Every structure is written in structure tokens, then in C-alpha cells.
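Quick notes on the structure that follows.
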Amino acid sequence: MSGIYIHIPFCKQACHYCDFHFSTSLKHKDALIDSIVGEIDQRAENWKSEKFETIYFGGGTPSIVPVADIEKILTKLRQNFQIDNRAEVTLEANPDDLSGEKLQAYRYIGINRLSIGVQSFFDEDLQKLNRSHQARQAVEAIQQAQTAGIDNITIDLIYGIPGLTDKKWEQNIQTALDLQIPHISAYALTVEPQTALAWLIKKEKYPPVSEEQSARQFEILQRKLQENNFIHYEISNFGKEDYFSRHNMSYWKNIPYLGLGPAAHSYNGKQRRWNIANNAKYIKGMDAKNYFETEDLSPQDIYNELIMTGLRTIWGVDLQKIRLLGEDFIEYLDKNAQKYIGKSLFIEENHLKARPESLFLIEGVISDLFWVD
Ligand SMILES: C[S@@+](CC[C@H](N)C(=O)[O-])C[C@H]1O[C@@H](n2cnc3c(N)ncnc32)[C@H](O)[C@@H]1O
Ligand code: SF4
């Protein structure tokens, strides 16, 4: 089981908090889509024996480009790779791009899962984050998707937003529950350097993001979703049974994935490859094949990867996989994890796992367990 990720690097406007790779100019959109098609041609040979079970259009904002562009890429993928006919095909969409007609078209071309960027059901938060949509549009988009027959919907929410009270946060979660959403990704607002949010906080136009507020709201999220039969299967991801993101599971379970488009990463079990995060250079570099870099992974890199991905999920770190890297690694982990066992970590069926209540601060534990030469 492997996955294909396609990065569509365009957005209507820049959200204040976001440092993902995107451009707000669609000037080179056609050339870029053609380059993604060209990249598929180039990579088909190396990935032709792989069986793919998931396809994920992420961004940026894939819903900003016409459905025909998504279809063009999907057709090319189906011509060049072995794609399971029950594959999960996800598309990230922003509420203001969606209409009943467009959703029908998505369904027709084979999109069977939607990830809708809601962030908050309150207009004041959306304005603060510089989102391009209004709360009303998010509710309508979800209902229209359900009417169009796409019930496998996940929404993104953000907590820890300055001014987002616990009561409002609880209301946000309740609205998602009332809308019968089967999967939620919820992220603590992070102040990334070089973003408008970082600048606004520095200039004291926005209050700083409070760690205590985020920790409290994480607890509310866990409690409320657990009460409603959601499984908290990864730090930021909650799903009803059978609605976990099959695509993201490839990342968390160390399974190969093919990344296409600018800024996309690929992993084949031995080597990591990343495409340049610049639309013009990606397009220009296609013929000369100089639009990416690669790195062979050492056992240390693989160990760090297994720790980082495993401890974020309910499946934990497979200790047998660590052992296979060599006795040094299992001894190192054993020695360093001791102080956390019985507190934030525990061992179950030969897997090292994080306790659910420790997940909010698990990054600190993860970095402490890393192998640093
Ligand atoms: C990069 S966007 C791509 C999808 C789509 N453009 C959208 O905005 O929904 C994916 C998600 O990452 C989350 N995100 C990005 N930057 C973040 C930050 N600094 N803090 C918290 N969440 C963030 C948002 O919830 C967003 O929905
Ligand atoms: S959060 Fe989504 S819409 Fe906003 S800038 Fe980032 S990628 Fe674009």
C-alpha cells in the first residue's frame, strides 16, 4: 500500500499564519499543471511496480484550479501507475471555492474524500486569520458536499487562536458534530517565522499565542470527541471508525509515498526526495530534471523517523523495526525512554506508545529520544 501526493501551489489569499508553499498569482497555473503531468512521465518508470491505494491533492488550495486540471492529473496518474479501483482519493478544498455543481464534478472524476479548510465557524476568527471565506460558507459547503453524495469529509479546525474562548471552541466542535462530520483534523495555532502572524505579534497588534489556552483547548477537543465515538488516532487527527485518513497513514506508518509538484516530498523506503518549493524553478527545471534534491537515509535517519511518526499515533513505535536497525538503536532507545515509561510513555505488544493525555507535549519527548550524532 502506497500513496501519491500532488501539491497544487496556489491560494486566493495568504492566511496570516501559513508558511506552506503557495503563490497567490495564477499566472503560471497552466504551465504548472503541465509540469506536474511531465513529472508523472518522468517518475513512472521507478514507481511502476508499486500499488497505490491513496491519492491526495493538497496545497495550497487544490479547489482553486478548475476541475478539468484535477481530472487531467488523475487521468495521467491512472495511465501511468497501478491504482487500486477502491483507492481513497482526497482533495483539499476551501469553502468559498465549492458549489453543488463543482462537487458533483469532483465526484464524477473520482474524488471520494474531501478535506475542507474550515478553521473556525466564527467570522471574527476567520477575519483574524485572514481566511478568504465566511463561516456561513463553510456550513453550506459541508451540506452541499453531503448532498452531492460525498460523506467522507474531514474538516480542519484551529484552536489557540487569540480571542477564541473555551466556550467558542467547544461550540466549534459541536457544530462539526451537528454536521455529522466523520473526521476532524485540529491544529494548535503555531506562529511560524516570516508569517504575517509573527509580524503582527511582534508589533503588538495581536496578543501572543498562549500555550495554556492551546493545552486547555486540546483537552476539550479530546474529551468532546471521545464522548462522541471519535478515535484520537494521531496528535491532530480524530476519526470515526473506518474514516481514518488512509493516505496520512502512509506517512505515519513509514510506507513509501510519491510526491508530485513543487515542494512535494517522496519516500521510497531508502531515499527521501524533495522538489523545489518555487513554482517558476519547478516549471523551468522539468526538462533538465534539476528541480529536486535527494538524500539517502542512514539507519540513524530511519530510527528518528520511526520515533517521530510512531509516537504521534495510537499504533506507537514498532520495537521490532528499531531492533532490525541494529542492537545499538534498541539499547539507545531503552536507555533514553526509561524516564518516560509509566508517565508519558508505555509499552504494549512490543510497541512504544504515548499516553493520550501526553500527546499535546509529545514533541519534547520525541526530540529527547532522537539519535543525534
Ligand atoms: C496548508 S492548509 C492546505 C489546505 C487548504 N488550503 C486550507 O487552508 O484548508 C492545511 C491546514 O494546515 C493548517 N495550518 C497551516 N498552518 C498552520 C499554523 N501555522 N498553525 C495551525 N494550523 C496551520 C490549517 O488548518 C490548514 O487547514
Ligand atoms: S492555510 Fe490554506 S488557504 Fe491559507 S494560505 Fe495556507 S494553504 Fe493557502
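The values are calculated or read from the model by the stated rules, or taken from the named source; none is laboratory data. Everything quoted here is computed from the prediction, not taken from an experiment. Neighbour counts run over all protein chains shown; Cβ positions are idealised from the backbone, glycine included.
Looking at S35, S63, which one is modelled with pLDDT of 95 or more, among the polar types (S, T, N, Q), within 16 Å of ligand 2 (Cβ to nearest atom) and assigned to a helix (DSSP H, G or I)? Steps first, please.
Numbers: S35 fails: within 16 Å of ligand 2 (Cβ to nearest atom).
On inspection, the qualifying residue turns out to be S63.
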**OP:** Among residues belonging to region 1-32 that are in a helix (DSSP H, G or I) and not small (G, A, S), point out the one that is surrounded by the fewest Cβ atoms within 10 Å (Cβ to Cβ).
**Re:** D30
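Among the residues of region 339-346, is there at least one that is on the phi < 0 side of the Ramachandran plot, free of Cβ contacts under 8 Å to residues at least 12 places away in the same chain, hydroxyl-bearing (S, T, Y) and not in a helix (DSSP H, G or I)?
no
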**OP:** Only residues in region 109-120 that are of a type in the set (D, E, K, R) count as the first member; pair them with residues that are surrounded by fewer than 23 Cβ atoms within 10 Å (Cβ to Cβ) and in a strand (DSSP E or B), Cβ under 6 angstrom, at least 6 apart or cross-chain, and list the lot.
**Re:** R113/E88
Original post:
When region 225-276 is examined, which residues are found to be touching a Leu at 6+ places or on another chain (Cβ under 6 Å) and among the hydrophobic types (A, V, I, L, M, F, W, C)?
Top reply: I235, F238
Original post:
Residue check: is I116 crowded, with 16+ Cβ neighbours inside 10 Å and touching a Lys or Arg at 6+ places or on another chain (Cβ under 7 Å)?
Top reply: no
**OP:** Kindly provide the set of residues from region 124-174 that are away from ligand 1 (no atom under 16 Å from the Cβ) and free of Cβ contacts under 8 Å to residues at least 24 places away in the same chain, ordered by number.
**Re:** R136, T165, K167
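Condition test on I40, is it in contact (Cβ under 8 Å) with a residue 40 or more places away in the chain, within 15 Å of E71 (Cα to Cα) and more than 16 Å from ligand 2 (Cβ to nearest atom)? Explain how you work it out, then say what you get.
Values: in contact (Cβ under 8 Å) with a residue 40 or more places away in the chain: yes; within 15 Å of E71 (Cα to Cα): yes; more than 16 Å from ligand 2 (Cβ to nearest atom): yes.
When the stated conditions are applied, I40 passes them.
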Subject >> Breaking point among (1) over 20 Å from the mean Cα position of the chain (by Cα); (2) more than 19 Å from S132 (Cα to Cα), for V89 >> reply: (1)
Subject >> Entirely in region 140-241, the helices (runs of 4 or more DSSP H) that have 1 or more residues that are touching a Cys at 6+ places or on another chain (Cβ under 9 Å) and either within 23 Å of Q127 (Cα to Cα) or away from ligand 2 (no atom under 16 Å from the Cβ) (or both) >> reply: 196-202
**OP:** Could you give me the residue pairs with C-beta distances under 6 Å whose first residue belongs to region 301-321 and is under 19 Å from N268 (Cα atoms), whose second residue is part of a helix (DSSP H, G or I) and of a type in the set (F, W, Y) wherever it lies, and which are 6+ apart or on separate chains?
**Re:** Y303/F329; T309/W252
**OP:** Spot the failing condition for A68; the list is (1) among the small types (G, A, S); (2) in contact with a strand residue (DSSP E or B) (Cβ under 9 Å, 6 or more places away or on another chain); (3) over 20 Å from Y267 (Cβ atoms); (4) surrounded by fewer than 21 Cβ atoms within 10 Å (Cβ to Cβ), and only one is missed.
**Re:** (2)
Original post:
Which one of these is within 24 Å of the chain's Cα centre (by Cα), surrounded by fewer than 18 Cβ atoms within 10 Å (Cβ to Cβ) and among the acidic types (D, E): D328, D318, D334, D373?
Top reply: D318
